[in-house]
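Each remark here refers to the structure printed beneath this line.
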Amino acid sequence: MKYTGSMEGRTKNGNWRYLEELRTLARNNRKKLTRTEARLWYEYLSKRPLGLKFLRQKPIGRFIVDFYCSEILLVIEIDGSSHNDRKSYDEERDHEIIKLGIKTIRYTDKQVLNDLKTVIKEIEVVLKASLHQGR
């Protein structure tokens, strides 16, 4: 089962629609991950936890999300200091992504840098619950 959830917001092939101008920006973002994104990616998400594939800097709609797993419709966001002044933007973004049937979990830079083990444990709980619901 490649695609789950609603087809709303998807192309006829089942991929998420997104603004075309985000393609280049997302590609550039993948080449220069932040320190915390790189740490979570290389120490955990790139290793396909529980057999799940994550994508980095994935365009969805009019946004680019940090990490995305299509198998369980999950976005993981790492919020740096730039997000302190963007709370309403992040809430709007999360709301639009939820409308597509995608769950978002957020961590701060500090959480990833100072307590990666706990972040990974929390992510694994969500992954296991999502896999259990899908069966």
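No value in this document is a laboratory result; all are computed from the given coordinates. Owing to the predicted nature of the structure, the values given are computational and were not obtained by experimental measurement. Note that we place each Cβ from the backbone using ideal geometry, even for glycine, and neighbour counts take in every protein chain shown.
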Note, region 26-33: 3J(HN,Hα) by Karplus (6.51, -1.76, 1.60, θ = phi - 60°), whole Hz, Gly/Pro = x, goes 4, 4, 5, 4, 5, 6, 9, 4
If R₀ is 25 angstrom, what is the calculated FRET efficiency for the pair Lys32 and Lys53, using the beta carbon separation as r and rounding to 0.05? 0.70
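Of the cross-linked pairs Lys47/Lys87; Lys99/Lys128; Lys32/Lys87; Lys58/Lys99; Lys58/Lys121; Lys31/Lys53, which ones have a Cα-Cα span greater than 26 Å in the structure shown? Mind showing how you got there, number by number?
On the way: Lys47/Lys87 31 Å; Lys99/Lys128 22 Å; Lys32/Lys87 24 Å; Lys58/Lys99 17 Å; Lys58/Lys121 23 Å; Lys31/Lys53 18 Å.
The pairs that break the limit, which is 26 Å between Cα atoms, are Lys47/Lys87.
Compute the relative contact order of region 32-101 as a whole-number percentage, counting only Cα pairs closer than 8 Å that sit 6 or more residues apart in sequence.
Reported as a whole number, the value is 18 percent.
Would you kindly work out the equivalent ellipsoid of region 22-134 from its C-alpha gyration tensor and give its semi-axes, the square roots of five times the eigenvalues, largest first in whole Å?
In descending order the semi-axes read 19, 17, 15 Å.
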For a Förster distance of 25 Å, can you work out the FRET efficiency between the beta-carbons of Val126 and Glu92, rounded to the nearest 0.05? 0.65
